[in-house]
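Working notes, beginning with the structure itself.
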Protein chains: 2
Amino acid sequence: MARSNKTPITDGGRFAYDGLERIIHEKARLGILTSLVAHPNGLLFNELKDLCSLTDGNLSRHLQVLHEAGLVEVWKGLHKNRPQTLCRLTDEGNRRFLEYINVLENVVADALAAARSDKASSPSLTDGLTPA
Amino acid sequence: MARSNKTPITDGGRFAYDGLERIIHEKARLGILTSLVAHPNGLLFNELKDLCSLTDGNLSRHLQVLHEAGLVEVWKGLHKNRPQTLCRLTDEGNRRFLEYINVLENVVADALAAARSDKASSPSLTDGLTPA
DNA sequence: ACCAGGGCTTTACCATGCAAAGCGTCCTGA
DNA sequence: TCAGGACGCTTTGCATGGTAAAGCCCTGGT
């Protein structure tokens with residue numbers, strides 16, 4: 001496709017945010033992963049739930065998504081015959097999360113650069129235009 | 001209905017990502033806003049479309065969302081009797097976008113801090129657990 | 001007069017997030 | 001010992017929201 005003229009910033013005419021992983025780019029899951037990355041030995045379902053202020057169903061669903069994506073391991077067991085779930089980042093999860101964060105840094109940098117660049121934009125502005 | 005004792009909606013706001021605006025926190029719109037913030041005088045529909053590699057319908061829809069949220073102004077007019085749409089950040093849009101970026105910076109900082117903190121192991125958490 | 005094509009909008013579909021309801025187990029008290 | 005409630009999750013149902021495809025209106029060429 002045509003790479004249009006301005007503000008490439010990242011190479012190839014594409015922006016940094018193109019690299020943002022959908023799975024991770026979600027508030028709730030971002031929180032889960034941030035919590036997990038700080039606890040390499042894992043967190044129990046409820047610890048995670050409290051840390052992230054999520055509802056049970058919510059957390060359950062997101063964990064499922066993260067697990068299916070190979071980002072977290074989920075250990076299910078029984079503690080005194082009651083369900084007990086331990087969640088932990090996989091190595092790949094750790095890698096991909098850090099990668100995501102790295103992209104995020106670039107997004108921020110892009111945005112700040114863009115905001116500062118303050119380009120006087122294309123010609124012929126609001127001639128005969130009316131606000132929507 | 002009022003099933004008490006599930007999910008304590010309380011004490012949120014622990015992490016930076018809580019402050020991420022949904023409207024902005026979306027790849028496509030993030031791109032649109034990043035483009036717009038670099039062009040204070042506005043961009044034409046097609047310029048934006050090319051910059052962001054979006055389809056027409058896509059861009060149209062996202063602009064609508066952003067406009068309804070008060071983040072962008074959309075000027076519709078005719079250039080040689082053909083429709084011409086100019087998009088520009090509102091002052092508020094500018095403010096909220098920068099604020100969003102600021103939150104993003106904190107998210108990154110949190111994540112990196114978490115990754116570095118690397119809390120030492122409390123051993124044998126997986127006693128009697130089986131992988132999912 | 002016709003057709004191609006530009007410049008958007010609308011429609012239709014499908015993925016996804018989220019809260020409420022559900023399920024099985026344990027614990028307490030009567 | 002048998003309610004009834006509290007945990008610890010999972011499942012269900014709904015509403016939102018992103019996207020590609022189709023549609024609409026215009027104009028300029030032939």
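The values are calculated or read from the model by the stated rules, or taken from the named source; none is laboratory data. From a predicted model like this one, the values you see are computed outputs, not experimental measurements. FYI the Cβ positions are ideal-geometry reconstructions off the backbone, even for glycines, and counts take in every protein chain you see. Side chains are part of the model used for accessible areas, which takes the heavy atoms of the whole protein and leaves out ligands, DNA and RNA. Shrake-Rupley method; radii C 1.70, N 1.55, O 1.52, S 1.80 Å.
Roughly how big is the A-B contact, given as buried accessible area in Å² (both sides, 1.4 Å probe, nearest 100)?
Working: alone 9460 and 10040 Å², together 14040 Å².
Counting both chains, the buried surface is close to 5500 Å².
If R0 is 25 Å, the Cβ-Cβ spacing of B:ALA109 and B:GLN64 corresponds to a FRET efficiency of close to 0.15. Across region A:19-114, C-alpha contacts under 8 Å between residues 6 or more apart give a mean separation that, scaled by the residue count, equals a relative contact order of 31 percent. Between this copy and the others, label points of B:LYS76 are 5.2 nm apart in ascending order, each placed 7 angstrom from Cα in the Cβ direction. Annotation note: GluC sites (Glu not before Pro) in region A:7-92 located in DSSP loop regions with a Cβ neighbour count of at most 16 within 10 Å are A:GLU21. Taking region B:8-89, which trypsin sites (Lys or Arg not before Pro) meet the DSSP loop condition and have no more than 12 other C-beta atoms within 10 Å? For trypsin sites (Lys or Arg not before Pro) across region B:8-89 that sit outside H, G, I, E and B with at most 12 neighbouring Cβ atoms in 10 Å, the list reads B:ARG22, B:LYS80.
Note on B:18-30: average number of Cβ atoms from other chains within 10 Å of each residue's Cβ is 3.
Listed by chain and number, the aspartates and glutamates whose alpha-carbon sits under 17 Å from that of B:LYS80, ignoring those within fewer than 8 places in the same chain, are A:ASP127. Evaluated on region A:19-114, the Kirkwood hydrodynamic radius is 13.9 Å, with distances taken between all distinct Cα atoms.
Inter-copy label distances for B:ARG22: 1.9 nm (label point placed 7 Å from Cα along Cα→Cβ; shortest first). Distances, shortest first, from the label point of B:THR55 to those at the same position in the other copies read 3.3 nm; the point lies 7 Å along Cα to C-beta.
Hey, can you find the accessible area per residue of region B:13-73 for me, probe 1.4 Å, expressed in square angstrom?
Working: 2320 Å² over 61 residues.
That works out to 38 Å² per residue.
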